[in-house]
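The values are calculated or read from the model by the stated rules, or taken from the named source; none is laboratory data. These numbers come from a predicted model, not from an experiment. Cβ: placed from backbone, ideal geometry, glycine included. Neighbour counts: every protein chain shown.
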């Protein structure tokens, strides 16, 4: 009986440890680091064959075919007040999960990595807080938390607010 309790305690301990970490898809925009909680990321694709949509706002880059599904692509850099992204070999489209919005992706300068982070290292922002930088005026409301990773600030975006801002 004591072995059973010990095994259950170890299992509960592992589950608690797993819940205390968050996986973050980190990416770069205009020299700054950002991230989405991986649970909101369906996939990451190369940014290719994005077709413009006439008369759309500047931040709407166009649409892209992803395995037969047409996705709206938003230039996240432009949405956040920066200059239009230049497409290159590092450019990526992060497709958000359908529970956030269907057939929607954001164009980023480059995706770095998927990192597992201790949840205690993530510091929520209050609605008035804002980090400096070229895009600070428009981005503050989209950032929900900050995290220091390897000496760099990573600003975690709220994907629902990104979609709402579109």
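Descriptive notes on the structure:
- Selection within the stretch 31-45 - buried (at least 17 other Cβ atoms within 10 Å of the Cβ) and outside any strand (DSSP E or B): 40
- Evaluated against (1) more than 22 Å from residue 114 (Cβ to Cβ); (2) modelled with pLDDT under 95; (3) in a loop (DSSP other than H, G, I, E, B), residue 48 falls short on exactly one condition, (1).
- Scanning the stretch 75-88 for residues that are assigned to a loop (DSSP other than H, G, I, E, B) and in contact (Cβ under 8 Å) with a residue 24 or more places away in the chain returns 80, 81, 82, 83, 84, 85, 87.
- Scanning the stretch 90-124 for residues that are closer than 20 Å to residue 30 by Cα, in a loop (DSSP other than H, G, I, E, B) and in contact (Cβ under 8 Å) with a residue 24 or more places away in the chain yields 91, 109.
- Checked against the criterion of being over 20 Å from residue 164 (Cα atoms), modelled with pLDDT under 95 and in contact with a strand residue (DSSP E or B) (Cβ under 7 Å, 6 or more places away or on another chain), the candidates 2, 20, 6 yield just one match: 20.
- Within the stretch 144-164, if we keep just the residues that are in contact (Cβ under 8 Å) with a residue 60 or more places away in the chain and out of contact with any helix residue (DSSP H, G or I) (no Cβ under 6 Å at 6 or more places or on another chain), the residue that is surrounded by the fewest Cβ atoms within 10 Å (Cβ to Cβ) turns out to be 152.
- Test: residue in the stretch 61-74 that is closer than 14 Å to residue 96 by Cβ, in a helix (DSSP H, G or I) and touching a residue at least 40 places away in the same chain (Cβ under 8 Å): no
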